[in-house]
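So the structure is just underneath, and the comments pick up after that.
The values are calculated or read from the model by the stated rules, or taken from the named source; none is laboratory data. If you're wondering where the values come from, they're calculated on a predicted model, not measured in any experiment. Methodologically, a virtual Cβ is constructed for each residue, glycine included, from the backbone with ideal geometry; neighbour enumeration extends over all protein chains shown. For accessibility, only protein heavy atoms count, side chains too; no ligands or nucleic acids. Shrake-Rupley method; radii C 1.70, N 1.55, O 1.52, S 1.80 Å.
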Amino acid sequence: MTILGLFLIILALWGLAYGSARAIVWILLPPVLLTSLQLANLLTPAWALPTWLLFAGALFFYLLPEQRRQWITRPLLNAFREVMPAMSSTEKEALNAGNVWWDGELFSGQPNWRQLLRQPKCHLTEREQAFLDGPVQTLCEMLDDWHITHEAKDLPPKTWKFIKQSGLFGMIIPESYGGLGFSAYAHSQAVMKIASRSITAAVTVMVPNSLGPAKLLLHYGTEEQKERYLRKLASGEEVPCFALTSPQAGSDAGAIPDNGVVTYGEHEGQQVLGIRLNWEKRYITLAPVATLIGLAFKLEDPEGLLGDDPSPGITVALIPHDTPGVEIGPRHMPLDIPFQNGPTYGRDVFIPIDWVMGGADGVGQGWRMLVESLSEGRSISLPALSTGAGKQASRYTGAYAAVRSQFGQPIGHFEGVEEALARIGGLTYQMDAARKLTLSALDSGESPSVISAIVKYHLTERYRQAINDAMDIQGGSGICLGPDNLIGKAYQATPIAITVEGANILTRSMIIFGQGAIRSHPYVLKEFEAVENQDDDAALYQFDEALFSHIGFVVTNFARTLWLGISHGRLSESPKSGPSRRYFQRLNWMSAAFALTTDIALMTLGGSLKRKERLSARLGDMLSNLYIASASLKRYVEEGERQEDLPLMQWALDDSLDRIQHALRGLLRNMPVRPLAWLLRVVIFPTGLPFHKPTDRLDHQVARILLSPGEVRDRLTQGIYTTDDQQHRVGQLERALIAVAAATPHEKTLRRAKRAGQLKSRDIQSLIEEAIGLGILSDSDREALEEADRLRNQIIQVNTFERLNGSQSGKRKESAKVSKLNKLGAA
């Protein structure tokens, strides 16, 4: 009976914790429960007395906060101050960059799904759609990527002129300053479409609209600076670059060695207050053609000409390229993708103080400007390029796998190829979902810094996986470069996307969780702020409130995680019924597990978690895949929960949940406090590991979407460049896919007749003639088969090149005649 009584007490407390009960309920319910149990003889005096004492002690410290603060909170505050690592000014500015959005809900352990589903769906205005259908489409038709990458090593002059005149350099600049004033979604759509035609052109358009002079001017420039430069940047009269990376400071941008000293100097014939600069930068996109350089440097003011601080710190200035002492170096060639990129140098360059971004008030504010702008900029360009590559692989390689035939059937029907195709399609669905959700946040006025790091890392990594799978499927046609190779350049460019705007290894191991744990957690940042508060009394009150709220948060997530683990998320809230319901519930479970695991890791490792990069990376993987899974569910719901899209949604969610489980297992396996890791393993997965990679059957369903012309395939790949032009390999692929789909029933008829012994011929042409003679096929069937065979043989050809004087000329050799192709196909 006593065991039953204790069980009822534990069950009641568990229910209070699970439901995040208010303080008044915690105060009133336990004494009522204890009294009832004693009256029912379910609790003996030997057990009742310590239980009452425990409750009385907790109540004492709750009702007497001054005693609690002196006896409990102050010792903990002092201990926390001793163990907490010092936070640099650059770290503080990075933490304060942007804001907390859906990442905060995922950290809470109780995500508000209705809030997510209320997030507006991305849409284009009529003006934005007209721009995509007009100038962007025209640019795509102008681009000859083979000529750009292997002959000219640059965009042709007419292309440069068109890009400038059409306003593509001014997509983020408001109309009031002569720009297009487009939404983040329109900006992303333009980059994605151009990237599917030419990465060189896409990068050229990306940079002026990403982290650079225009964005910095819009947020931090003086009105005089805006009037001076924004119209010229929008029209292309000024070509911008932004110089941040130095040979000695790559990922550690805060260690910039380039320096400026505040002094007086001559400018336009007058002595003015300014800065004397010296710098050496490299890897700067558009630097070889830039007319306006945005420069990041460390500023010193030894004579106190600007104020009392002798080292104001990182500062940003705008410097015309023809300023005396500025030198533009030779070009870099990033993996043979010839967008303009190279070093820039400054030797004893003097600039007036009003060239500093924001004028004198902007001195020392450069790092804040950079991290705030980066949190927005990296949410757009690289995710657009990555998603575009996934869509290319889905559309082009899917069509190739349907058209290309081996062993008497399309290669896409082999299970090994189906696995790779499913991965391409599923990852593309995830990428586009995460891209659109992030863009919706930006267009709603959010600036989610942690999520920008998530989409930068995970979308570029999924791009890498998708394009690798595409190369595996296409084999020789993928590795032989030429005008007809649609994925070779995307494959070559993969490491560029991985490297820029924060190297991926660094982003995963240090930034996503390292920044998210403090920025997005509901209480950790408040505790940090309390510790750093110099007012001791205010710090004590601030820390007390944050600490005990945090303890309640941990207790709630412990109770939630255990119950959700036992029930596999059942009975938890889901905003939808139908196929998505169980996925919402499973994400409730994993969100609670993530929140609990985060707090346990922070409590046991403290400041050393900052140095445990692989543990931090796994926690970041959990957060990231929770976000991508959330985005995939939202996409499925906002697109109408179509039955035909269900395989893509299920694949995306099964993959995300499996990745979360994998990251969690790796974390628990490597946590230094082993008993705590074992306890967490039992609490989170009390009935075993439930998640798995997508099944073979699901892989088959997703692969068939990529292999078949139809609305689902079109929705998955919407936004990239397509054409019916038969002079272009994209148009040839589309026509071949349709022709092969139309001929498939007749090919099956031929195979059945041959297996039945009705047909004796061996080559395709003779089989067709024999089948017609026997009435198995009609003349119209023959036309369909011959058209499919002709187009199939056209698609499997690769480019060849003449050799002149022992070297490749770069001149494309004309494709073989159709009659020859038909003979090859018959053979």
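Just a few scattered comments:
- Test: residue in the range 566-586 that is in a helix (DSSP H, G or I), crowded, with 19+ Cβ neighbours inside 10 Å and modelled with pLDDT under 95: no
- Of all the numbered requirements in (1) under 33 Å from the mean Cα position of the chain (by Cα); (2) open to solvent by 30 Å² or more (accessible area, probe 1.4 Å), residue 534 misses one, and that requirement is (1).
- Residue 432 being crowded, with 24+ Cβ neighbours inside 10 Å, of a type in the set (Asp, Glu) and under 18 Å from the mean Cα position of the chain (by Cα): yes
- Considered as a group, the residues in the range 400-427 that are β-branched (Val, Ile, Thr) and open to solvent by less than 10 Å² (accessible area, probe 1.4 Å) include one that is nearest to residue 192 (Cα to Cα), and that residue is 424.
- Of the strands (runs of 3 or more DSSP E) lying entirely inside the range 241-329, those containing at least 2 residues that are surrounded by 14 or more Cβ atoms within 10 Å (Cβ to Cβ) and touching a residue at least 40 places away in the same chain (Cβ under 8 Å) span 259-267, 270-285, 292-300, 313-320.
- Across the range 206-240, the qualifying residues are those that are aliphatic (A, V, I, L, M) and open to solvent by 10 Å² or more (accessible area, probe 1.4 Å), and the one among them that is modelled with the lowest pLDDT is 211.
- Flag: residue 591 does not match the condition of being assigned to a loop (DSSP other than H, G, I, E, B), modelled with pLDDT of 90 or more, farther than 20 Å from residue 77 by Cβ and not aliphatic (A, V, I, L, M).
- Residue that is farthest from residue 734 (Cα to Cα), among those in the range 378-399 that are open to solvent by 10 Å² or more (accessible area, probe 1.4 Å) and charged (D, E, K, R): 378
- Pairs meeting the criteria (first residue in the range 724-750 and within 17 Å of residue 707 (Cα to Cα), second residue open to solvent by 40 Å² or more (accessible area, probe 1.4 Å) and among the charged types (D, E, K, R), beta carbons under 6 Å, at least 6 apart or on different chains) are 731/724; 731/725; 739/787.
- Some residue of the range 37-56 being at pLDDT 70 or above, in a helix (DSSP H, G or I) and within 30 Å of residue 111 (Cβ to Cβ): no
- Against the criterion of being over 18 Å from residue 524 (Cα atoms), in a helix (DSSP H, G or I) and open to solvent by 10 Å² or more (accessible area, probe 1.4 Å), residue 658 qualifies.
- Boolean, residue 621 is modelled with pLDDT of 95 or more, surrounded by fewer than 21 Cβ atoms within 10 Å (Cβ to Cβ) and touching a Lys or Arg at 6+ places or on another chain (Cβ under 7 Å): no
- Residue count for the range 117-168, restricted to those that are part of a helix (DSSP H, G or I) and within 23 Å of residue 438 (Cβ to Cβ): 9
- Just one of (1) without any contact (Cβ under 8 Å) to a residue 24 or more places away in the chain; (2) on the phi < 0 side of the Ramachandran plot; (3) loosely packed, with under 15 Cβ neighbours inside 10 Å fails for residue 688. It is (2).
- Unmet criterion (only one of (1) surrounded by 12 or more Cβ atoms within 10 Å (Cβ to Cβ); (2) at pLDDT 90 or above; (3) out of contact with any His (no Cβ under 6 Å at 6 or more places or on another chain)) for residue 114: (1)
- Checked against (1) open to solvent by 10 Å² or more (accessible area, probe 1.4 Å); (2) within 30 Å of residue 652 (Cβ to Cβ), residue 599 passes all but a single condition, namely (1).
- Which numbered condition residue 346 fails, given (1) small (Gly, Ala, Ser); (2) open to solvent by 10 Å² or more (accessible area, probe 1.4 Å); (3) assigned to a strand (DSSP E or B): (2)
- Output for the range 708-742, where each listed residue is among the hydrophobic types (A, V, I, L, M, F, W, C), more than 18 Å from residue 789 (Cβ to Cβ) and in a helix (DSSP H, G or I): 712, 716, 730
- The condition (being open to solvent by 70 Å² or more (accessible area, probe 1.4 Å), closer than 25 Å to residue 567 by Cβ, at pLDDT 95 or above and in a helix (DSSP H, G or I)) is satisfied by just one residue among 697, 704, 665: 665.
- Elements of type helices (runs of 4 or more DSSP H) contained in the range 358-434, each with 2 or more residues being modelled with pLDDT of 95 or more and either out of contact with any Cys (no Cβ under 7 Å at 6 or more places or on another chain) or on the phi > 0 side of the Ramachandran plot (or both): 381-392, 398-403
- Consider the range 668-685 and keep the residues that are surrounded by fewer than 14 Cβ atoms within 10 Å (Cβ to Cβ) and under 28 Å from the mean Cα position of the chain (by Cα). The one that is nearest to residue 566 (Cα to Cα) is 669.
- Residues of the range 435-481 that turn out to be touching a strand residue (DSSP E or B) at 6+ places or on another chain (Cβ under 7 Å), open to solvent by less than 40 Å² (accessible area, probe 1.4 Å) and not in a helix (DSSP H, G or I), as a count: 2
- Test set (1) open to solvent by 50 Å² or more (accessible area, probe 1.4 Å); (2) within 19 Å of residue 390 (Cβ to Cβ) - residue 648 fails condition number: (1)
- Conditions (1) on the phi > 0 side of the Ramachandran plot; (2) modelled with pLDDT of 95 or more; (3) not acidic (Asp, Glu): number failed by residue 445: (2)
- The listed residue being touching a residue at least 60 places away in the same chain (Cβ under 8 Å) and under 31 Å from the mean Cα position of the chain (by Cα), out of 424, 351: 424
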